[in-house]
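Notes follow once the structure below has been shown.
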Amino acid sequence: MPKDMNCKGEKFLTLSIESSCDETAAAVLANGRELLSNVISTQIETHKLYGGVVPEIASRQHLMNINSVIAKALDDAGVTISDIDLIAVTYGPGLIGALVIGVAAAKALALANDIPLVGVNHMHGHISSNYISYPELEPPFVSLVISGGHTNLINVKDYTGFEVIGSTRDDAVGEAYDKVARVIGLGYPGGPKIDNIAKNGNAEAVHFKRVYLDKDSLDFSFSGIKTAVLNYVNTERQANRELDISNIAAGFQEAIVDVLVDKSMQAVRQYGNGRLVLAGGVAANSRIREAITMRCEKEGIKLYLPEKKLCTDNAAMIGCAGYYKYLKCGADSLHLDATANLPF
Ligand code: KG4
Ligand code: ZN
């Protein structure tokens, strides 16, 4: 049942809310994919002082900002809550104290205004950001999902069917970026900082081992490279040699990129129909985008890269995933609970 209209014969409007980590976000979408507003209140400046996200501070900031972020999303879209047909909210995975703020706000609005509620898996949201960037994109396809908490290869069978075909066995890619950034003194958030500084570096100057695990495995491991960077930095410091941060960043990044690109190609060969879809905060990385574009062109694979503003956490992607979940499964009950460790 394609739901292009609501019962009033107007476009079907979804209000979505995201608060799983350090962004308080709300968006309004028409017919699941057409972005009418997308408001993100980031807490980066606050957490920067502590070198990473402090969960208690994140919850408090969500609580302070959530109502005004939702009001702005409605206002920017030129609608009021009475025009909304569906409320979609991230209910996991993420920081529990952060998730509960978004879930409580969504439940209150749904109850008070008699609007159906749907809980969305944050990771399904990341993949769905591509449906907004590419109106013609439809499953099935293979997706490489790279974020602060996840590194997965997913066989996306349909809008609500996800098969995990590869996972990190230790650190997520974004986590490795953030930890390495700390080791070389770049601070938080590490990913964008390494991305920028690596542009001035020589990726061949410092070589870090690529970790492929078993030959046919689609799994990843990134904890070794983090330790390798730490050992390299300590050795250089002990020998009183000056560190070239740009070269270290470029060498680290290239080792990560090689593995991500090779395993994605393997996954598309094994599961795909010649299409690869990137998702997650790390998909904003310029070198990853460049390398994967070149390789896909070479291998005749059609590549979908979400717009950079839709790579990192936002509510638009949650609205899109929520819309398709609602079409397939209907509404969730108002007993919906935040679930920190929600599996894919
Ligand atoms: O998807 P996301 O916003 O939040 C999670 O769901 O985890 O991803 C955040 C991660 C952080 O680790 C951040 O450092 C990384 O994405 N990131 C980047 C870039 N922009 C964000 N990593 C590398 N290059 C970037 N340009
Ligand atoms: Zn995310």
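The values are calculated or read from the model by the stated rules, or taken from the named source; none is laboratory data. Please read all numbers here as calculations on a predicted model, not as lab measurements. All Cβ positions, glycine included, derive from the backbone under ideal geometry; neighbour counts span all protein chains shown. With ligands, DNA and RNA removed, areas are computed over all heavy atoms of the protein, side chains included. Shrake-Rupley method; radii C 1.70, N 1.55, O 1.52, S 1.80 Å.
Being closer than 28 Å to Leu49 by Cα and at pLDDT below 95, is that true of even one residue in region 190-212?
Checked region 190-212: at least one residue is closer than 28 Å to Leu49 by Cα and at pLDDT below 95.
Take region 237-274 and flag every residue that is crowded, with 19+ Cβ neighbours inside 10 Å and not in a helix (DSSP H, G or I).
Across region 237-274, the qualifying residue is only Gly272.
Quick one: which residue in Ala106, Ala181 is in contact with a helix residue (DSSP H, G or I) (Cβ under 7 Å, 6 or more places away or on another chain) and at pLDDT 95 or above?
Unique residue meeting the criteria: Ala181.
Looking at the structure I just gave you, is Asp337 outside any helix (DSSP H, G or I) and at pLDDT 95 or above?
The answer is yes for Asp337.
Tell me which residues, restricted to region 77-99, are hydroxyl-bearing (Ser, Thr, Tyr), closer than 16 Å to His124 by Cα and open to solvent by 10 Å² or more (accessible area, probe 1.4 Å).
Tyr91
Which of (1) open to solvent by less than 30 Å² (accessible area, probe 1.4 Å); (2) assigned to a helix (DSSP H, G or I); (3) more than 14 Å from ligand 1 (Cβ to nearest atom); (4) in contact (Cβ under 8 Å) with a residue 60 or more places away in the chain is the odd one out, the single condition Val277 does not satisfy?
All conditions are met except number (2).
How do the pairs read when you match residues in region 39-55 that are farther than 24 Å from Ile184 by Cβ and open to solvent by 40 Å² or more (accessible area, probe 1.4 Å) with residues anywhere that are not in a loop (DSSP other than H, G, I, E, B) and not acidic (Asp, Glu), using Cβ under 7 Å and keeping only pairs 6 or more apart or on different chains?
Ile40/Ala25; Pro55/Gly97; Pro55/Ala98
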